[in-house]
Amino acid sequence: MVNPFPYTLDNKRYHTQNYELRKIFGEKVCKISLDGGFTCPNLDGTKGVGGCTYCSGRGSGDFTQSALLPIEEQWRIQQEKMYQKWPGSGCIAYFQAHTNTYAPLSRLKELYETALAQPNCVGLDIATRADCLSQEVCDYLAQLNRRCWLLVELGLQSTFDDTGERINRCHSYADFLEGYARLKQRGIRVCIHLINGLPGENHRRMVENVRRISHLGMYAVKLHLLYFLKGTQMAEEYRQGRVQMMSREEYVQVVCDQLELLPPETVIHRLTGDGKKEDLIGPLWSLKKFCVLNEIDKELVRRDSWQGKNYSAGEREKLGGF
């Protein structure tokens, strides 16, 4: 069967990050995860305490080196690991843990410039919240964007404010759109994060989340599975029966429906998620990431579908009935 999707080097029917980076850099490019020692306004009391209810307190930094190590040392350790698979490849400095624009501008400059100076660094990927993007930070990011390949990742998780309140997100969809606009006005690439399986979100709502962002003109999207980690508030809610885990079958159907609504040009950075095995309560099927991705591939073939098949550039946002 001929693959009908144009943005691919293999059998994928969606626009993978690997395809995009190879197109830009002409080679395999990997990410070096770094911990800049940031915190989050949802942890330190500025907006909230305890973080989002699914947060382990490490803020997506489960697979980074210790923030006590200098950026140069973190880079060396992580790059050596990557070079066991892809010797000599270009590397993107990925500031992943916590909110990576939540610090004085002088500190941000120190960290980002240090990372850019590392061997074979070809760009920056900065994960943050949309409510932590001051005008001066955005102006500096715009300067970086003119000097190197830059991506800013914004954790949205859900477009529904009642969901945000339920998970203690401490910012609204309107807040997100304001921060997003600041980056877009400066021509900065943006990747939007959404989480599937959040409390109170059924299949219809999860698909609607993607429909709402599909016309924002974002560069990339991450679709993440809600998984439950030991010691989190979400894990306690699961123990009490207040929230359920998604099955793999449910998850695959949701993701395929979401992919069909995204513009084919949008880069897909992630389609699932997996926590540290020793901390993971479930879903345990999430540990078999390649099985999940294979099931998504098979379902798209079964449907004779692909990313963007049901995308309509002229469609207006639908708000009612959820």
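Brief remarks follow.
- Label point distance in nm, Phe25-Arg270, each placed 7 Å from Cα along Cα→Cβ: 1.9
- Per-q log10 I(q)/I(0), the chain, q = 0.11 Å⁻¹ (Debye; single scatterer per alpha-carbon; no solvent): -0.70
- The GluC sites (Glu not before Pro) found in segment 194-295 that occupy coil by DSSP, while having at most 13 further C-beta atoms within 10 Å, are Glu278.
- Stretch gain in nm, segment His203-Arg239, where the contour uses 0.36 nm per residue and the Cα spacing is subtracted: 10.7 nm
- If the segment from Ala174 to Lys85 were pulled out straight at 0.36 nm per residue, it would be longer than the present Cα-Cα gap by 27.9 nm.
- Cleavage-rule hits (chymotrypsin sites (Phe, Trp or Tyr not before Pro)) in segment 4-68: DSSP loop, at most 15 neighbouring Cβ within 10 angstrom: Phe63
- Of the cross-linked pairs Lys23/Lys288; Lys184/Lys298; Lys31/Lys109; Lys222/Lys276; Lys85/Lys289; Lys184/Lys276, those separated by over 24 Å at the C-alpha level are Lys23/Lys288; Lys184/Lys298; Lys184/Lys276.
- Dipole of the chain [Lys/Arg +1, Asp/Glu -1 at C-beta], most positive-end residue of Leu183, Gly51, His203: His203
- Where labels lie 7 Å past Cα in the beta-carbon direction, separation of Asn11 and Asp139 in nm: 5.2
- Dipole of segment 84-171 computed with +1 at Lys/Arg Cβ and -1 at Asp/Glu Cβ about the Cα centre; of Leu150, Cys170, Gly88, farthest Cα towards the positive end is Gly88.
- Cβ crowding within 10 Å averaged over residues, with 122-132, 82-92 ranked highest first: 122-132, 82-92
- If the convex hull is drawn through the Cα atoms of segment 17-88, its volume per residue in Å³: 130
- Among residues other than Arg182 with Cβ under 12 Å from its Cβ, the summed charge is -3 (Lys and Arg +1, Asp and Glu -1).
- Exposure proxy order (Cβ contacts within 10 Å, fewest to most) of Lys23, Lys109, Lys222, Lys309: Lys23, Lys109, Lys309, Lys222
- Here Arg76 and Arg186 are evaluated by their C-beta separation; at R0 = 41 Å the FRET efficiency comes out at 0.80.
- When each of the peptides 150-157, 28-35 is scored by the mean number of other C-beta atoms lying within 10 Å of its residues, the order from highest to lowest reads 150-157, 28-35.
- When shorter helices are ignored and each DSSP H run of at least 4 residues is given -39500 (n - 2.57), the per-residue value for the chain at 222 nm works out to -10500 deg cm²/dmol.
- Alpha-carbon Rg/Rh ratio, for segment 253-309, with Rh computed the Kirkwood way: 1.04
- About the Cα centre, charge dipole magnitude for the chain (Lys/Arg +1, Asp/Glu -1 at Cβ), debye: 520
- With the simple model of a label 7 Å out from the Cα in the direction of the Cβ, Asn18 to Arg146 spans 3.6 nm.
Bear in mind that the values in this text are calculations on the coordinates, not laboratory data. As the structure is a computational prediction, the values presented were derived from the model and not from experiment. A quick note on method: Cβ atoms are made from the backbone with ideal geometry, for glycine too, and the neighbour counts reach across all protein chains shown.
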